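Written below as structure tokens is the structure these notes are about.
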Amino acid sequence: MTGSTLTVAGLGKQYPTPAEPLVVLRDVSLSLAPGLALAIVGPSGSGKSTLLNILGTLDHPTTGTVRLGDTDPFTLPEPALAKFRSQHVGFIFQDHHLLPQCTALENVLLPRIASAAKADPAAVARAKDLLKQVGLSNRETHFPGELSGGERQRVAIARAMMNEPGLLLCDEPTGNLDAANAQAIGELLADVPKRLNAILITVTHSTALAATFTHKMQMQEGHLTSL
Ligand code: ADP
Ligand code: MG
């Protein structure tokens, strides 16, 4: 579902505790048009990962709504929700989460293999094109253990783009990289929404990563505000 708008309204998240509930997200609202890259910056513990996990439907909000295009994923029953997630959301984490026994090309093909019996030639061609887009044409047959940290994260970005998701979500994507690689990955991520006509949101405590994005917001104690 590329070309979709993301609309978040009145989102709240609380965790029950023996004393009073722990309030992690407070009335978060947001509307993002396709093609937009947003960095949300905030200190550790401010609720960034919680927000990202809810936007990616890995966790449920306590209050409020999320819509991608015309779909509110939280109204879907679990099998349809899992399908929504695999088709429309791409994740990039601090750790690359690549399968060590698969080559770079096979890792990029994984989202397609998960939704089809066999990778068709068109899928292989797309995976090769994505590796080219992230600058890794000459690493197709390398295993993750044979790649540098920055290269592994590039494979993870290509994999997240494979199913042409409408929403790409990155949680501290440069957290394990040195400054030069972090800069290059930040520039690549900021450019992805235009290539896919998708929305990309990265959450980070790194002001250096946020600086590579034109659209920035801040998270503080569960409040999302403009910067
Ligand atoms: P950030 O990503 O900004 O560092 P998180 O979203 O991971 O912050 O966490 C925000 C707060 O929510 C923290 O105080 C954390 O302890 C709490 N929290 C996160 N997940 C859970 C959970 N599953 N149960 C209870 N509290 C949680
Ligand atoms: Mg976090």
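Would you pick out the residues in region 48-76 that are hydroxyl-bearing (S, T, Y) and without any contact (Cβ under 8 Å) to a residue 40 or more places away in the chain? T50, T57, T75 - these are the residues of region 48-76 that are hydroxyl-bearing (S, T, Y) and without any contact (Cβ under 8 Å) to a residue 40 or more places away in the chain. Of all residues in region 2-52, those being open to solvent by 10 Å² or more (accessible area, probe 1.4 Å), in contact with a strand residue (DSSP E or B) (Cβ under 8 Å, 6 or more places away or on another chain) and of a type in the set (V, I, T) number 6.
Could you please let me know if L188 is open to solvent by less than 40 Å² (accessible area, probe 1.4 Å) and in contact with a His (Cβ under 7 Å, 6 or more places away or on another chain)? Show your work before the answer.
Working: open to solvent by less than 40 Å² (accessible area, probe 1.4 Å): yes; in contact with a His (Cβ under 7 Å, 6 or more places away or on another chain): no.
No: the conditions fail for L188.
Within region 5-30, the set of residues being touching a helix residue (DSSP H, G or I) at 6+ places or on another chain (Cβ under 8 Å) and either among the acidic types (D, E) or away from ligand 1 (no atom under 13 Å from the Cβ) (or both) comprises L6, V8.
Identify, from the list L147, L136, the residue that is under 24 Å from N197 (Cα atoms) and modelled with pLDDT of 95 or more. Give the steps one after another, and end with the answer.
On the way: L147 fails: under 24 Å from N197 (Cα atoms).
Every option except L136 fails the conditions.
Residue selection: A122 fails the criterion of being touching a strand residue (DSSP E or B) at 6+ places or on another chain (Cβ under 9 Å), assigned to a helix (DSSP H, G or I) and within 24 Å of T2 (Cβ to Cβ). Is there any pair with a first residue in region 77-94 that is touching a residue at least 60 places away in the same chain (Cβ under 8 Å) and a second that is open to solvent by 40 Å² or more (accessible area, probe 1.4 Å) and hydrophobic (A, V, I, L, M, F, W, C) whose Cβ atoms are under 6 Å apart and which are 6 or more apart or on different chains, and what are they? Between residues of region 77-94 that are touching a residue at least 60 places away in the same chain (Cβ under 8 Å) and residues that are open to solvent by 40 Å² or more (accessible area, probe 1.4 Å) and hydrophobic (A, V, I, L, M, F, W, C), the close pairs are H88/M1.
Taking first residues from region 109-130 that are among the hydrophobic types (A, V, I, L, M, F, W, C) and partners that are at pLDDT below 85 and part of a helix (DSSP H, G or I), the Cβ contacts under 7 Å between residues at least 6 apart in sequence or on separate chains come to A119/I113.
Given the residues T141, T174, which is the only one that is within 16 Å of ligand 2 (Cβ to nearest atom) and either in contact with a His (Cβ under 7 Å, 6 or more places away or on another chain) or of a type in the set (V, I, T) (or both)?
Numbers: T141 fails: within 16 Å of ligand 2 (Cβ to nearest atom).
Just one listed residue meets the conditions, T174.
On the stretch given as region 197-211, residues that are touching a helix residue (DSSP H, G or I) at 6+ places or on another chain (Cβ under 6 Å) and either surrounded by fewer than 22 Cβ atoms within 10 Å (Cβ to Cβ) or assigned to a helix (DSSP H, G or I) (or both) total 1.
Could we say that A198 is more than 16 Å from ligand 2 (Cβ to nearest atom), at pLDDT 95 or above and not β-branched (V, I, T) here?
Numbers: more than 16 Å from ligand 2 (Cβ to nearest atom): yes; at pLDDT 95 or above: yes; not β-branched (V, I, T): yes.
Considered against the rule, which asks whether it is more than 16 Å from ligand 2 (Cβ to nearest atom), at pLDDT 95 or above and not β-branched (V, I, T), A198 comes out as yes.
Scanning region 31-45 for residues that are within 16 Å of ligand 1 (Cβ to nearest atom) and hydrophobic (A, V, I, L, M, F, W, C) yields L38, A39, I40, V41. In region 101-119, the condition of being assigned to a loop (DSSP other than H, G, I, E, B) and buried (at least 21 other Cβ atoms within 10 Å of the Cβ) is met by no residue.
The values are calculated or read from the model by the stated rules, or taken from the named source; none is laboratory data. What you are looking at is a predicted structure, and each value in this text was computed from that prediction instead of being measured. As a convention, Cβ positions derive from the backbone with ideal geometry for all residues, glycine included, and neighbour counts pool all protein chains shown. When the accessible area is computed, the model is the full protein with side chains, heavy atoms only, and any ligands, DNA or RNA have been set aside. Shrake-Rupley method; radii C 1.70, N 1.55, O 1.52, S 1.80 Å.
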